Every structure is written in C-alpha cells, then in structure tokens.
C-alpha cells in the first residue's frame, strides 16, 4: 500500500523536563504524517473539508519503544493499511536519525459528510488516486 516518509524536528516545547518527548505529542506527529500522506496524493485536509469531508480519528494505538528527545530529527513513516471503505486505516513507524525504531502506531479514521454528519464511503477522487 502507499507509504510516505515525513521528517520532523522535535521542538523544546514538545518535551518534558528530562528532554524526552511528552507521550501525548506523538499523536500530533502521526497527524503530520497522515497530512503529508494525503498531500502526496494531491489532497489536503483543508481541501477535503472544503469538499464536505471530515476525517475524525476513531482509534489510536501506540507502542513506545525508545524516547525521542529535544532537537532530534525524527522520521514518521505512514503506510495505508488497505483500500479505504467508510474508514481509512494507517500504520506508522517513527525512527530517530540513527535509524532506531522509537514508536509503532496505528490509527483508524472515518469519512464523515460534513453536511449530514453521517458516516459515508471514501470519496471516489481518493479511491481513483489509490488505483494508480
């Protein structure tokens, strides 16, 4: 399935007093990976929202293996798990500059029509891009 890689520099404000990334900030790194995954397909969250699609997260699973630290350049690898239906699932790996695996994670999001607030199937424009 489609995979992307996003590099992110850990900022001071994302760490605790020990200089270690606060665990809750990893969800933001995953979001950035997803955002860039979509952007590489030619879409953005902003564009999809303008076309009446919202993508709320319904599941998030994270396994912490090693800490990321202040000023580390981390790499978020985002992989589409399968062809989307009414939901879209991603797997993630986060590595440090030395190539050490820091985190594995997965998320599930659902497609919601912003006008009706009902779950809907993945939009055709997304599915067409994934066929390429």
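Among the residues making up the range 76-95, those that are surrounded by fewer than 18 Cβ atoms within 10 Å (Cβ to Cβ) and outside any strand (DSSP E or B) are 81, 82, 83, 85, 86.
Any idea which of 89, 31, 100, 36 is closer than 18 Å to residue 5 by Cβ and touching a strand residue (DSSP E or B) at 6+ places or on another chain (Cβ under 7 Å)? Walk me through how you get there before you give the answer.
On the way: 89 fails: closer than 18 Å to residue 5 by Cβ; 31 fails: touching a strand residue (DSSP E or B) at 6+ places or on another chain (Cβ under 7 Å); 100 fails: touching a strand residue (DSSP E or B) at 6+ places or on another chain (Cβ under 7 Å).
Exactly one residue qualifies, and that residue is 36.
Of the candidates 15, 58, the single residue that is crowded, with 18+ Cβ neighbours inside 10 Å and in contact (Cβ under 8 Å) with a residue 12 or more places away in the chain is 15. A single member of 109, 126 is within 30 Å of residue 50 (Cβ to Cβ), at pLDDT below 95 and crowded, with 18+ Cβ neighbours inside 10 Å, and it is 126. Restricting attention to the range 18-28, the residues that are outside any helix (DSSP H, G or I), out of contact with any helix residue (DSSP H, G or I) (no Cβ under 8 Å at 6 or more places or on another chain) and either free of Cβ contacts under 8 Å to residues at least 12 places away in the same chain or within 25 Å of residue 130 (Cβ to Cβ) (or both) total 1. The residue of the range 29-46 that is farthest from the chain's Cα centre (by Cα), among those that are part of a helix (DSSP H, G or I) and without any contact (Cβ under 8 Å) to a residue 12 or more places away in the chain, is 46.
The values are calculated or read from the model by the stated rules, or taken from the named source; none is laboratory data. Values in this document were obtained by computation on a predicted structure and should not be read as measured data. Quick reminder, even Gly has a Cβ in these numbers, built from the backbone with ideal geometry, and neighbours come from all protein chains shown.
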